Amino acid sequence: KAGVTQTPRYLIKTRGQQVTLSCSPISGHRSVSWYQQTPGQGLQFLFEYFSETQRNKGNFPGRFSGRQFSNSRSEMNVSTLELGDSALYLCASSLAGTDEKLFFGSGTQLSVL
Amino acid sequence: GESVGLHLPTLSVQEGDNSIINCAYSNSASDYFIWYKQESGKGPQFIIDIRSNMDKRQGQRVTVLLNKTVKHLSLQIAATQPGDSAVYFCAENRYSGGGADGLTFGKGTHLIIQP
């Protein structure tokens, strides 16, 4: 069974731009959640999608958004990029929610210059 | 604010010894706890989980202990091997009015294996 796939693996953007990251969950998994990882703040929850609906959201500004498609694939978008958005963005999937084992992808390393 | 924390940022152990990584959590409403291992350049990898109705759970070479009285979680790795070298995170899942929130992670402990 293929694992969680995230694309692209690396991304370089400049301040003010917007970016879209993609995540393909494990087949059969309906919950997709996103996390931001930085050396200073560690791993922080962004949001979770289930059946195309955002079910939970972490404490991030509205510039961070996401969506989920009918095949459970998910995208997250960050608009008006700031230097502090530089981070590893991780996607995780599970069968039904965040209160069970999550399987993580390798992440997208975003650098904002 | 409430968070899941780890006692040590770095832990160095001899190959073959047992490793114990500790974690303290602050929210008594949390009922699901999980340990992840993250190697350089990779995403977190599931190790073992435990729910609050249990005190102990064992996996292959790993044991998780949960002490709800003092809000303490630990991961024990038996016969530590070079491949165990990684950063270990504990995480909790807490419930708010709308249901389960996302996982809250601790800062991580870097486990270093000495030959």
TODO: All but one of (1) within 10 Å of another protein chain (Cβ to nearest Cβ); (2) under 25 Å from B:V13 (Cβ atoms) hold for B:Y32, so report the exception by its number.
DONE: (2)
Task: Per-region count, the stretch B:72-86, residues over 12 Å from B:S19 (Cα atoms) and within 13 Å of the chain's Cα centre (by Cα) - done: 3
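Restrict the check to the stretch B:64-73 and report whether at least one residue is within 14 Å of chain A (Cβ to nearest Cβ) and over 24 Å from A:T108 (Cα atoms).
The answer is yes; a qualifying residue exists.
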TODO: Could you please find all residues in the stretch A:32-76 being of a type in the set (D, E) and under 17 Å from A:L102 (Cβ atoms)?
DONE: A:E48
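Here's a check for you: in the stretch A:18-49, which residue that is hydrophobic (A, V, I, L, M, F, W, C) and more than 10 Å from chain B (Cβ to nearest Cβ) is nearest to A:K1 (Cα to Cα)?
For the stretch A:18-49, the residue satisfying everything is A:I26.
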Open item on the list: Quick check on this structure: which one of B:R57, B:R94 is within 13 Å of chain A (Cβ to nearest Cβ), assigned to a strand (DSSP E or B), among the charged types (D, E, K, R) and in contact (Cβ under 8 Å) with a residue 40 or more places away in the chain?
Closed with: B:R94
TODO: Kindly list the number of the only condition in (1) surrounded by 22 or more Cβ atoms within 10 Å (Cβ to Cβ); (2) more than 25 Å from A:K1 (Cα to Cα) that fails for A:G84.
DONE: (1)
Open item on the list: Can you tell me which condition B:N27 does not meet? The list is (1) under 25 Å from A:A87 (Cβ atoms); (2) in a loop (DSSP other than H, G, I, E, B); (3) away from chain A (no Cβ under 14 Å), and all the others hold.
Closed with: (3)
Open item on the list: Residue pairs, Cβ under 6 Å, 6 or more apart or interchain, first in the stretch A:25-42 and within 15 Å of A:G58 (Cα to Cα), second of a type in the set (K, R) and not in a strand (DSSP E or B). List them.
Closed with: A:G42/B:K107
- [ ] Check every one of the strands (runs of 3 or more DSSP E) wholly within the stretch A:55-112 and list those with 1 or more residues that are touching a residue at least 60 places away in the same chain (Cβ under 8 Å), of a type in the set (K, R) and in contact with a Ser or Thr (Cβ under 9 Å, 6 or more places away or on another chain).
- [x] none
Task: Given (1) surrounded by 18 or more Cβ atoms within 10 Å (Cβ to Cβ); (2) under 17 Å from A:S70 (Cα atoms), number of the condition A:R30 does not satisfy - done: (1)
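No lab work stands behind these numbers, since they all come straight from the coordinates. Since this is a predicted model, take the numbers as computed values, not measurements. Cβ coordinates were reconstructed from backbone atoms using ideal geometry, including for glycine residues, and neighbour counts include every protein chain displayed.
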